[in-house]
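One structure is given below, encoded as structure tokens.
The values are calculated or read from the model by the stated rules, or taken from the named source; none is laboratory data. Quantities reported herein were computed from a predicted structural model and do not represent experimental measurements. Here the Cβ positions follow ideal geometry from the backbone for every residue, glycine too, while neighbour counts run over all protein chains shown.
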Amino acid sequence: MKKIKCVIWDLDHTVWNGVLLEDGDNVQLREGIVEIIQELDRRGILQSISSRNEEEMAMAKLKEFGLDEYFLYPQINWNAKSSSIKKIVESINIGMDTIAFVDDQPFEREEVGAALPDVLLIDALDTDQLLGMPEMNPTFITDDSKNRRLMYMSDIKRKEIEESFEGPQEEFLASLGMELTISPVTTDDLQRAEELTVRTHQLNTTGYTYSYEELDQLRHSPDHKLMIVDLKDKYGTYGKIGLILLECKEEAWYIKLLLMSCRVMSRGIGSILINYIMQLAKENNVTLRAEFVKTDRNRMMLITYKFAGFKEMETNGNHILFENDLSLVQPYPDYVQVTVKDTIEVSN
Amino acid sequence: MENAIKAKVKKFLSRFFKSQEIADDQDIFSLGFVNSLFAMQLVLFLEKEFDIMVDTEDLDLENFRTIDLITSFVEKKQA
């Protein structure tokens, strides 16, 4: 069972009773709906809207109800709902199989189900049970989950600025004033670390998942290094967005896990982390190897490894073992300030 | 026809290396930090623009180090 990352709501007869275009000022929120929306938000589950309606009027109504700010990329138009959902999924950049769609009309649910079979369909009549569904209950609720919507909101602002930015990408990145911090995982980070291993698919080199307890053990293990990565810029924090797990063996150090949240996809963080690990290996005079498990979604990490000079040692189906001879370790780029905390110092 | 491919590659690269004039045989990976995003965009650009598939075994720095190398890589894949 997949956990749901985003609930997409219909409006008429779903969020409120009645039809906005017919009943206008008389539409009332359905009972309990505000509590559901607020609780999902607290759990870090994102929300959006796919409604066939008059956009301006519907947004004004949501504002009146004090709900407008809960929805990312609301799609209020006359298109097929499946196409609206596709747009939301592309904008947020998450998997279709992590989406739930709530609508009172069987016709709309069927249309979405036929076009997007991975979407979980929920009848508006069943919303009173929604919060109890296992899919809607993340294993942990961390600070990052509670702030998730706000972090996506800052992302929307960044994206708007990025799109209107004239000039090379590097200049845009420099304008963000990014600060990246790499630190050892502490007890407080364990829930988020587990969440990252479970939630991250695209920017993930192996997809290995670890439980809270396993991560806690690895954190204390003398043969492992477990690090968490935090990113912020002038628009706010991205939160804890990356995780590194190294296994330090006699013959070599192995990168077991290197992952980043897809929210930092366009920030060039992958190469920075790889170069950090390469510097670390170089200073410790060890051979550096990396495990990789190919999926249909993590090609970007494969390319990142290859372009960082990793060479295949062994390939076994989807499993690849890489080695890097550390002949070319790049310095960190100018556009981000990298801080490494409480671990072997790495020159910048 | 060498120049059609080369011209497109140059145009693409100019978005990333705006300030520098890059020679055809200059190592673009030595010009500064090559980030994961650039790498991905380069690969996707080549695939889309020239209708080729960049396979795992093609993802070798030696295929992408210079404008000349990228051009001959595309020619080889199109052949």
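Residue-wise test of (1) surrounded by fewer than 19 Cβ atoms within 10 Å (Cβ to Cβ); (2) more than 20 Å from the chain's Cα centre (by Cα).
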{"residue": "A:Ile141", "(1), (2)": "yes, no"}
{"residue": "A:Asp155", "(1), (2)": "no, no"}
{"residue": "A:Glu160", "(1), (2)": "yes, no"}
{"residue": "A:Glu163", "(1), (2)": "yes, yes"}
{"residue": "A:Leu173", "(1), (2)": "no, no"}
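Could you grab me the full set of residues in the range A:302-337 that are in a helix (DSSP H, G or I) and facing chain B (nearest Cβ under 8 Å)?
The initial filter retains those residues of the range A:302-337 that are in a helix (DSSP H, G or I), namely A:302-307.
A:Leu302, A:Ile303, A:Thr304, A:Lys306, A:Phe307, listed by residue number.
Of the residues A:Arg109, A:Arg148, A:Arg158, which is assigned by TED's automatic domain parsing to the domain that holds A:Phe172 and over 30 Å from A:Tyr210 (Cβ atoms)?
Working: A:Arg109 fails: assigned by TED's automatic domain parsing to the domain that holds A:Phe172; A:Arg148 fails: over 30 Å from A:Tyr210 (Cβ atoms).
None of the other options fit; the residue is A:Arg158.
Out of the range A:284-301, which residues are assigned to a loop (DSSP other than H, G, I, E, B) and within 26 Å of B:Leu44 (Cα to Cα)? Spell out how you get there, then give the answer.
Within the range A:284-301, the first condition is being assigned to a loop (DSSP other than H, G, I, E, B), and the residues that meet it are A:284-287, A:294-298.
Those that are assigned to a loop (DSSP other than H, G, I, E, B) and within 26 Å of B:Leu44 (Cα to Cα): A:Lys294, A:Thr295, A:Asp296, A:Arg297, A:Asn298.
Sub-7 Å Cβ pairs linking a first residue in the range B:47-73 that is under 22 Å from B:Ile22 (Cα atoms) to a second residue that is small (Gly, Ala, Ser), at least 6 apart or interchain, are B:Leu61/A:Gly309, ordered by first then second residue.
All of (1) surrounded by 20 or more Cβ atoms within 10 Å (Cβ to Cβ); (2) touching a Ser or Thr at 6+ places or on another chain (Cβ under 8 Å); (3) not polar (S, T, N, Q) hold for A:Ile272 with one exception: (2). Scanning the range A:28-51 for residues that are in contact (Cβ under 8 Å) with a residue 40 or more places away in the chain, part of a helix (DSSP H, G or I) and among the aliphatic types (A, V, I, L, M) yields a count of 3.
Is it the case that the range A:223-243 has a residue that's over 16 Å from the mean Cα position of the chain (by Cα) and of a type in the set (Val, Ile, Thr)? No, the range A:223-243 has no match at all.
Being aliphatic (A, V, I, L, M) and within 10 Å of another protein chain (Cβ to nearest Cβ) is the filter; apply it to the range A:284-301 and report the residue that is surrounded by the fewest Cβ atoms within 10 Å (Cβ to Cβ). So, considering only residues that are aliphatic (A, V, I, L, M) and within 10 Å of another protein chain (Cβ to nearest Cβ), the one surrounded by the fewest Cβ atoms within 10 Å (Cβ to Cβ) is A:Met300.
Condition (residue is among the small types (Gly, Ala, Ser) and modelled with pLDDT of 90 or more) applied to the range B:7-16: is it met by at least one residue? Within the range B:7-16, one or more residues are among the small types (Gly, Ala, Ser) and modelled with pLDDT of 90 or more.
Restricting to the range A:252-275, name every residue that is away from chain B (no Cβ under 13 Å) and modelled with pLDDT under 95. Selection gives A:Ser261, A:Arg263. Identify, please: which residue in the range A:175-195 is within 14 Å of another protein chain (Cβ to nearest Cβ) and crowded, with 19+ Cβ neighbours inside 10 Å and is, among those, nearest to A:Leu273 (Cα to Cα)? It comes out as A:Leu180. Residues of the range A:199-220 that are surrounded by fewer than 20 Cβ atoms within 10 Å (Cβ to Cβ) and of a type in the set (Val, Ile, Thr): A:Thr209 alone.
Residues checked against (1) touching a residue at least 40 places away in the same chain (Cβ under 8 Å); (2) touching a helix residue (DSSP H, G or I) at 6+ places or on another chain (Cβ under 9 Å); (3) crowded, with 19+ Cβ neighbours inside 10 Å; (4) assigned by TED's automatic domain parsing to the domain that holds A:Tyr305:
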residue	(1), (2), (3), (4)
A:Thr197	yes, yes, yes, yes
A:Pro222	no, no, no, yes
A:Tyr235	yes, yes, no, yes
A:Gly242	yes, yes, yes, yes
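Filtered by the rule that a residue be at pLDDT 90 or above, part of a loop (DSSP other than H, G, I, E, B) and either under 12 Å from the mean Cα position of the chain (by Cα) or closer than 23 Å to A:Pro168 by Cα (or both), the range B:33-77 gives B:Val54, B:Phe64, B:Thr66.
Being under 21 Å from A:Lys87 (Cα atoms) and either touching a helix residue (DSSP H, G or I) at 6+ places or on another chain (Cβ under 6 Å) or crowded, with 17+ Cβ neighbours inside 10 Å (or both) is the filter here, so list the residues in the range A:112-139 that pass it.
Taking the range A:112-139 as the starting set, the residues that turn out to be under 21 Å from A:Lys87 (Cα atoms) are A:112-122.
Of everything in the range A:112-139, those that are under 21 Å from A:Lys87 (Cα atoms) and either touching a helix residue (DSSP H, G or I) at 6+ places or on another chain (Cβ under 6 Å) or crowded, with 17+ Cβ neighbours inside 10 Å (or both) turn out to be A:Val112, A:Ala115, A:Leu116, A:Asp118, A:Val119, A:Leu120, A:Leu121, A:Ile122.
Against the list (1) away from chain B (no Cβ under 13 Å); (2) not in a helix (DSSP H, G or I), the condition A:Ala281 fails is (2).
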